[in-house]
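Peer 1: Before I ask anything, here is the structure I am working with.
The values are calculated or read from the model by the stated rules, or taken from the named source; none is laboratory data. As the structure is a computational prediction, the values presented were derived from the model and not from experiment. Counting neighbours? That spans all protein chains shown, and the Cβs are built from the backbone with ideal geometry, glycine included. Areas reflect the complete protein model, heavy atoms only, side chains present, ligands, DNA and RNA absent. Shrake-Rupley method; radii C 1.70, N 1.55, O 1.52, S 1.80 Å.
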Amino acid sequence: MGSAIPRSLAVLVLWGILAFGGHAGVQMTLVTGGGGMVRLDAVTPILVTLQNDDTDRNGTVVVSLLTAQGEVSRAARDVALSPQSRKAVFLYLPATSLTPTKVRVRYANGRRAIVSETIESVTPLNGLLPVTAIIGPPPPGLPEIQDEKGAQLGARVFLTPDQLPDRWEGLQMCDAIILGTALAHPLESPQVTALRDWVLRGGVLAIVADKKTDGLMALASERVLPFTPLALEEVALDRFGGATAEVMTGTVERAATLLESNGYPLAIRRNTGLGSVVCVMMPFDAPAVRGWDGWTEFWARAFAHLTIPTESASSYPSGLASPESRTSPLLAAAKPPEQPTERLALVVLLSTLY
């Protein structure tokens, strides 16, 4: 009798491993949209990272947005996992008219048995508000995302380079993307293509080109940048009270100068398709540069067409000023030109060429 109890326990443990052990076999983490934020009028990218155990698996990742009424948006992707492998994959959920509260991710085997499941809460965003994604440290002077009464004026999400979607549809939720410092390593080719196609369709890409890194040079070779970086030079900049700062020099290609000092272009922009690429060609480390009170106006102008629509220029909050309410000669050239509907044909042509 004494040995019957241990044998019974062993049978129960073995049965439990066979019946439920698979749920612990694949660990999943996810990044939804922009740090858990979902924009209802746009595709939502979901980055799912899977860590496998010792089992060889062929399964499917299924992602769903959930509301009180049930599942409203769904995407699936087959993912094979070798033993002890780690794999990250993007899935893209279609836009929805209903407001989700959670996202559910499942990994199921070939028999559709659930191997692993994760559910997380999401924050829905108002589709009228501009969304800015930031990779790296944020530059100074960005427009406020709340007014003095706490009303939301926009949204700001923070990503790492590996969280940048590999399809332009996954960038739909962003109106602007800021690479807050030069990339240390090159982006994957699909990510670069996604950025280029997103800009062609109206996105604004801002890059702080403060270091000549492999990542920055890769963007230049892919002709994403409006200039070819050459070298950093120390310059005493009259614009910032004579403060000495390093300026990235290079060959500017079909770009307008937005900010300059001592004959050096400090910020440039090139319109591409319906969007544009803005480059700031110096670091913000120097106190005189970082503390310059013109940055707020600079970014408001650079992102002017992303402001909340209104019928009166006087009703614009100070952080998101109406283009008509500002007359600074410094940034007059930075005002985005009118985008005629005929440029849609150009977008199609450029997309085909790329």
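Peer 1: How are the C-alpha pair distances of the range 161-310 spread across 5 Å bins, as whole percents from the shortest bin up?
Peer 2: Spelled out bin by bin, the range 161-310 gives 2, 9, 19, 23, 20, 15, 8, 4, 1 percent.
Peer 1: Sticking with this one: List the aspartates and glutamates whose Cα sits under 16 Å from the Cα of residue 149, skipping any in the same chain fewer than 8 residues away.
Peer 2: Within the straight-line limit of under 16 Å, residue 149 reaches no aspartates and glutamates at all.
Peer 1: Let me know the volume per residue of the alpha-carbon convex hull for the range 50-209, in Å³.
Peer 2: Per residue, the Cα convex hull of the range 50-209 comes to 146 Å³.
Peer 1: Turning to a different aspect of this structure: So how exposed is residue 101, as accessible area in Å² (1.4 Å probe, rounded to 10)?
Peer 2: 70
Peer 1: Continuing with the same structure: Of all trypsin sites (Lys or Arg not before Pro) in the range 85-140, which ones are in loop regions per DSSP and have a Cβ with at most 13 other Cβ atoms within 10 Å?
Peer 2: Of the trypsin sites (Lys or Arg not before Pro), the ones in loops of the range 85-140 whose Cβ has at most 13 other Cβ atoms within 10 Å are 111, 112.
Peer 1: Percent of accessible area on the range 214-264 owned by carbon and sulfur, 1.4 Å probe?
Peer 2: Result for the range 214-264: 44 percent of the exposed heavy-atom area is carbon or sulfur.
Peer 1: Using the Kirkwood radius over C-alpha pairs as Rh, can you work out the diffusion coefficient of the range 48-116 via Stokes-Einstein at 20 °C, viscosity 1.002 mPa s, in µm² per second?
Peer 2: 167
Peer 1: Take every Cα pair under 8 Å in the range 84-159 that's 6+ residues apart, average their separations, divide by the length, and report that relative contact order as a whole percent.
Peer 2: 23
Peer 1: Quick check on the range 149-215: what are the equivalent-ellipsoid semi-axes from the Cα gyration tensor, as sqrt(5λ), descending, whole Å?
Peer 2: Value: 22, 16, 11 Å, ordered largest first.
Peer 1: Pull up the cross-link candidates among the aspartates and glutamates for residue 102, meaning alpha carbon to alpha carbon under 20 Å and not fewer than 8 places away within one chain.
Peer 2: 41, 71, 117, 120
Peer 1: Please state, as a whole number in µm²/s, the translational diffusion coefficient that the Stokes-Einstein equation yields for the range 209-252 at 25 °C and 0.890 mPa s, with Rh defined as the Kirkwood radius across alpha carbon pairs.
Peer 2: Taking Rh from Cα pairs, D becomes 219 µm²/s.
Peer 1: Still on this structure, please answer the following. Residue by residue through the range 218-229, what is 3J(HN,Hα) from phi via Karplus (6.51 cos²θ - 1.76 cosθ + 1.60, θ = phi - 60°)? Round to whole Hz and write x for glycine and proline.
Peer 2: Calculated HN-Hα couplings, in order: 5, 5, 5, 5, 7, 6, 7, 7, x, 7, 9, x Hz.
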